[in-house]
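> Next up is a structure, given as structure tokens.
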Amino acid sequence: MTLKSRTAIILSLAAAVLIILWKPTVLIYGVQQAGLYAAIAIPMGLVLGIVHIVNLAHGEFMMVAAYATYFACKATGMDPLVALIPSAAVTAVLGWIVYRLTIRRALKAPELNQLILTFGLGIALSQGINILFTSQTRKISLDYVSASLDIGDLTFGVWSFIFVVFAAMYAYGLKFFLTRTTAGKAALAVGQNPKGAAIVGIDVDRTYGIVFAIAMALVGAMGALFLTRSAIFPMVGAPFTMKSFCLVAMAGIGNIPGILAASLLLGVSESILRAFRETRGWADIVFFVLIIAVILGRSIKRRKS
Amino acid sequence: MNKNLSRLITLVAAILAIFLPSFVGAYPLQVARNVMLYMALAVTWDMLLRSGQISFGIAGLFGLGAYASVLGVLRAGMPAWVSIPFAAIFCGLAALGIGFLILRLRSTYFSIVTLALAEIFRIIIHNLHDFTGGPEGVVLKDVIFGGAADKLYWLTLGGLAVSLGASYWFEKSRIHFALTAIRNNETSAKSSGVNIFSWLLVAFVVTSAIQGLLGGIFVQSYGFATPESVFDANFTLLPLAIALLGGIHSTVGPVLGALLLGLAAEWLKLQLPYGHLVVYGIIIIVVILFMPQGLLGIARKTFRAADRRKA
């Protein structure tokens, strides 16, 4: 196992060096994109690992937060980075309400019912926004987003590194929360064995609700950050749901470093394809290829065991 | 007695459906075509659901069939009526390939992959610009049957008949027992000698082929295809809501749901041109939470209660 992971690390380092020598910006933009993917996928991993729900409305929560941020900024003139906090609060409360009203009732239902339920939730959120604010794209222009750095004859945008910063914060923050705080330890216990956790006196239902709300707050903050760089529209969240699931599936449940690694693979591969005019359009297909590779890998492993 | 009654109802409904064009004008026929299309899609979705697999990829296979049919006519010079079965075969083969890869790991993985299908096919069609017409889409020289309203109606009715027939076959043949066994408990199905993988593959290929067939019928009746029009989320969402509302795991449920929701959808489209899909999202949530067996389940429960009171 260690030998295997060591070869994997060496191989990816070698790949990184090759890409740096060949086209440094590809690696830089790939890493920035990976940060965005990882920071969105980590909350999905949290929900999947503890509440055991695949939330197909995941990206839609991000979209709702982005809209909340947009209107907060337009109304009060505040910066999206400040509006990030109230937006995260909005999706946390929304997440809590959605959990209490719907997901809680479906926890004991078959897994397939849960999938259909969260699919319906995603549609209701994105189409609700569509009714309220139309499908027009919205964008906030900010000066600091276009900040760039010159190293030698190399110029690249630095703002998107904020995604990497957030991904790292989420990864370490979550690890700290789950292993060092009482609430986090309780959540971890519930995730591992809800019945056992209930026996030792943990309020399982409440823990699920809190974890779901926290995850939605984390996604909401990413919605605000996403708005600083990109235009938003009601369907903007949907691809992130699928990509997040792809990353979580690649990493395996409860494996945060795995999510980071998978994000790097996805982000950099997409960035390589985007670097050429002929292949640019195919970048959004990478995650699909990856998820099929994961499924094949898993099924082969399963047959062996 | 009950069996004879339902046969009679089916017969009367079929005769009414066949002769509908002699009674009504062009607009009701157009509405009827939409209702039948969604009904057929809902039935195919339910057929796969009977094995415990949820597909979110109806729009994907529908759109793929539509493009296969249009490109069959434009690039391969097929006559329109040949291109429709060609679309079915093309989608069946595509489903065979995809299913062969992904049906080994089932349930959630299968669902998520199908969720991505519409998007993936859309990207492929965008990128193969020279062959597929790219984002602008392609236009046929003429609509099938010269656009005669009654013939288009019968064409769609034919598509519906194929999916209802397939669904009936799924209910009455060995497939029914295999799929139900898989849905209820894979382990015990496997130990009873059910080859899970191949039965699921059969179900996925058949339903996908019918969805492709319907895509071909749809596109030949309108004469054009753009990625946005044929991969519309409508084609996934409405069949799902219809089947769930009517009652899953049956042929009658989706038919019932389509009569209700299909007609309501026509009205809603006029009331809320943007965002009318929110209604289906809410229907899906409410049905899953409060009446997972749909209207059919509620009806059955009421009848059973009435029977008990009688006895």
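Where a number appears in this text, it was derived from the coordinates with a stated rule and is not lab data. Computed from a predicted structure; not experimentally measured. No Cβ is skipped: glycine too gets one built from the backbone with ideal geometry, and neighbour counts run over all protein chains shown.
> Taking A:Lys185 as the anchor, which aspartates and glutamates have their alpha carbon closer than 13 Å to its alpha carbon, excluding any fewer than eight residues away along the same chain?
Here the aspartates and glutamates satisfying the reach criterion relative to A:Lys185 are A:Asp203.
> Compute log10 of I(q)/I(0) for the range B:165-300 with the Debye formula, placing one identical point scatterer on every Cα and leaving out solvent, at q = 0.17 Å⁻¹, to two decimals.
These q points yield log10 I(q)/I(0) values of -1.10.
> Count neighbours as other Cβ atoms within 10 Å of each site's Cβ, and list the chymotrypsin sites (Phe, Trp or Tyr not before Pro) in the range B:1-95 that are DSSP loop with at most 12 such neighbours.
On the way: sites: B:Phe19, B:Phe23, B:Tyr38, B:Trp45, B:Phe56, B:Phe62, B:Tyr67, B:Trp81, B:Phe86, B:Phe90; in loops: B:Phe23, B:Phe56.
Those that pass, being in a loop and sparsely packed, are B:Phe23.
> Put +1 on the Cβ of every Lys and Arg and -1 on every Asp and Glu Cβ in the protein assembly as shown; which of A:Met242, A:Val204, B:Gln30 then has its Cα farthest towards the positive end of the dipole?
A:Val204
> Moving on. Which residue fluctuates the most in chain B, going by a Gaussian network model with Cα springs under 10 Å, if the choices are B:Ala59, B:Ala166, B:Ala189?
Fluctuation is largest for B:Ala189.
> Another question, then. Which whole-angstrom value gives the distance between the alpha carbon centres of the range B:69-99 and the range B:167-195?
Centre-to-centre (Cα) distance: 30 Å.
> Order these peptides, B:227-239, A:187-199, by their mean beta-carbon neighbour count within 10 angstrom, highest first.
Values: B:227-239: 22.5, A:187-199: 16.3.
Order by mean packing, descending: B:227-239, A:187-199.
> Could you tell me which of rounded, prolate or oblate describes the range B:245-311, using a ≥ b ≥ c as the square roots of the eigenvalues of the alpha-carbon gyration tensor, with rounded for a/c under 1.5 and, failing that, prolate when a/b is larger than b/c and oblate otherwise?
Working: a/c = 2.94, a/b = 2.33, b/c = 1.26.
The shape class here is prolate.
> Looking at the square roots a ≥ b ≥ c of the eigenvalues of the Cα gyration tensor of the range A:186-305, which shape do they give, rounded for a/c under 1.5, prolate if a/b is larger than b/c, or oblate? Display every interim value, and only then the final one.
Values: a/c = 3.16, a/b = 1.44, b/c = 2.20.
Here the range A:186-305 falls in the oblate category.
> Which residues in the range B:277-309 place their backbone N less than 19 Å from a point set 7 Å from the Cα of B:Gln271 along the Cα-to-Cβ direction?
Zone members listed by number: B:277-287.
> Rg over Rh of the range A:174-216, using C-alpha atoms and the Kirkwood radius, what does it come to?
Working: Rg = 9.6 Å, Rh = 10.2 Å.
The Rg/Rh ratio comes out at 0.95.
> Per DSSP H run of at least 4 residues, take -39500 (n - 2.57); add these up for chain B, divide by its residues and hand me the 222 nm value, nearest 500 deg cm²/dmol. Could the numbers behind the result be given before it?
Values: 16 runs with 240 residues, N = 311.
Per the formula, -25500 deg cm²/dmol.
> So, one more: Can you tell me how the range B:13-95 classifies by the Cα gyration tensor, rounded, prolate or oblate, using a/c under 1.5 as the rounded cut?
Working: a/c = 2.45, a/b = 1.18, b/c = 2.08.
The shape class here is oblate.
> Under the Karplus relation 6.51 cos²θ - 1.76 cosθ + 1.60, θ = phi - 60°, what is the ordered set of whole-Hz ³J(HN,Hα) values for the range A:229-237, x standing for Gly and Pro?
9, 10, 6, 10, 8, x, 8, 5, x
> What does the structure give for B:238-249 when I average, per residue, the other chain Cβ atoms found within 10 Å of the residue Cβ? Display every interim value, and only then the final one.
Values: counts 0, 0, 4, 2, 0, 0, 3, 0, 0, 0, 1, 0.
That average works out to 1.
> Quantify how much of the Cα-Cα distance distribution of the protein assembly as shown extends past 42 Å, in percent. Each step should come with its number before you reach the end.
Values: 49031 of 189420 pairs.
Taking all Cα-Cα pairs of the protein assembly as shown, the fraction more than 42 Å apart is 26 percent.
> Next question, about the same structure. Given R₀ = 41 Å, what would the calculated FRET efficiency be for B:His126 paired with A:Arg302, taking r from the Cβ atoms and rounding to 0.05? Walk me through the numbers on the way to the answer.
Numbers: r = 35 Å, r/R0 = 0.86.
Efficiency, from the Cβ-Cβ distance: 0.70.
> How long are the three semi-axes of the equivalent ellipsoid of the range A:27-304, in whole Å, if each is the root of 5 times an eigenvalue of the C-alpha gyration tensor, listed from largest down? It would help to have the intermediate numbers written out before the result.
Values: eigenvalues 177, 110, 69 Å².
In descending order the semi-axes read 30, 23, 19 Å.
> Shifting gears a bit: Taking Cα centroids, how far is the range A:32-97 from the range B:110-161 in Å?
35 Å
> Still on this structure, please answer the following. Hey, what do the phi angles of the range B:208-217 turn into as Karplus ³J(HN,Hα) couplings, whole Hz, using 6.51/-1.76/1.60 and θ = phi - 60°, x for Gly and Pro?
5, 4, 5, 4, x, 4, 5, x, x, 4
> Only Cα pairs under 8 Å and at least 6 apart count here; give the relative contact order of the range B:159-311 as a rounded whole percent.
Working: 98 pairs, mean separation 28.6, N = 153.
It rounds to 19 percent for the range B:159-311.
> Also: Give the peptides A:216-227, B:245-256, A:200-211, A:136-147 in descending order of average Cβ contacts within 10 Å, highest first. Before the final figure, lay out the partial values.
Numbers: A:216-227: 28.2, B:245-256: 23.3, A:200-211: 16.8, A:136-147: 12.2.
Order by mean packing, descending: A:216-227, B:245-256, A:200-211, A:136-147.
> Of all chymotrypsin sites (Phe, Trp or Tyr not before Pro) in the range A:238-305, which ones are in loop regions per DSSP and have a Cβ with at most 12 other Cβ atoms within 10 Å? Working shown, then result.
Numbers: sites: A:Phe240, A:Phe245, A:Phe276, A:Trp282, A:Phe287, A:Phe288; in loops: A:Phe276.
Taking the range A:238-305 and a limit of 12 other Cβ atoms within 10 Å, the loop chymotrypsin sites (Phe, Trp or Tyr not before Pro) found are A:Phe276.
> What is the distance in Å between the Cα centres of the range B:247-263 and the range A:254-269?
Here the answer is 43 Å between Cα centres.
> So, one more: Given the convex hull of the Cα atoms of chain B, what is a quarter of its surface area in nm²? Display every interim value, and only then the final one.
Numbers: hull surface 71.1 nm².
For chain B, averaging the hull's shadow over all directions gives 17.8 nm².
> Label points 7 Å out from Cα along the Cβ direction at B:Ala161 and A:Phe71: separation in nm?
Once both label points are built, they end up 5.2 nm from each other.
> Would you please name the trypsin sites (Lys or Arg not before Pro) within the range A:254-299 that are DSSP coil residues with at most 10 other C-beta atoms within 10 Å of their C-beta?
A:Arg277
> Across the residues of B:291-298, average count of Cβ atoms on other protein chains within 10 Å?
Values: counts 0, 6, 0, 0, 0, 0, 0, 0.
Going residue by residue through B:291-298 and averaging, the value is 1.
> Would you kindly derive the ³J(HN,Hα) couplings of the range A:32-49 from the backbone phi angles with the Karplus curve 6.51 cos²θ - 1.76 cosθ + 1.60 (θ = phi - 60°), listing them in order in whole Hz, with x for Gly and Pro?
Values per residue, Gly and Pro as x: 4, 5, 4, x, 4, 4, 5, 5, 7, 6, 4, x, 5, x, 4, 5, 5, x Hz.
> Could you sort out which of A:Lys74/A:Lys175; A:Lys301/B:Lys190; A:Lys243/A:Lys301; B:Lys151/B:Lys301; A:Lys304/B:Lys172; A:Lys108/A:Lys243 sit more than 29 Å apart by Cα distance in this structure?
On the way: A:Lys74/A:Lys175 35 Å; A:Lys301/B:Lys190 19 Å; A:Lys243/A:Lys301 23 Å; B:Lys151/B:Lys301 41 Å; A:Lys304/B:Lys172 37 Å; A:Lys108/A:Lys243 27 Å.
Violating the 29 Å limit, Cα to Cα: A:Lys74/A:Lys175; B:Lys151/B:Lys301; A:Lys304/B:Lys172.
> Show me the ranking of peptides A:74-82, B:206-214 by mean Cβ neighbours inside 10 Å, starting with the highest. Present the calculation step by step, with values, prior to reporting the outcome.
On the way: A:74-82: 13.3, B:206-214: 29.0.
My ranking of the peptides, most packed first, is B:206-214, A:74-82.
> Moving on. Let me check I've understood the local charge: for B:Met291, count other residues with C-beta under 13 angstrom from its C-beta, Lys and Arg +1, Asp and Glu -1. What total comes out?
+3
> Using a simple charge model, +1 on the beta-carbon of Lys and Arg, -1 on the beta-carbon of Asp and Glu, nothing else, what dipole does chain A show about its Cα centre, in debye to the nearest 20? Could the numbers behind the result be given before it?
Numbers: 25 positive and 11 negative charges, 209 e Å.
It works out to roughly 1000 debye.
> How much of the pair distance distribution for the range B:90-172 lies past 20 Å, counting alpha-carbon pairs only, in percent? Please list the in-between numbers first.
On the way: 2132 of 3403 pairs.
Tail of the P(r) past 20 Å holds 63 percent of the pairs.
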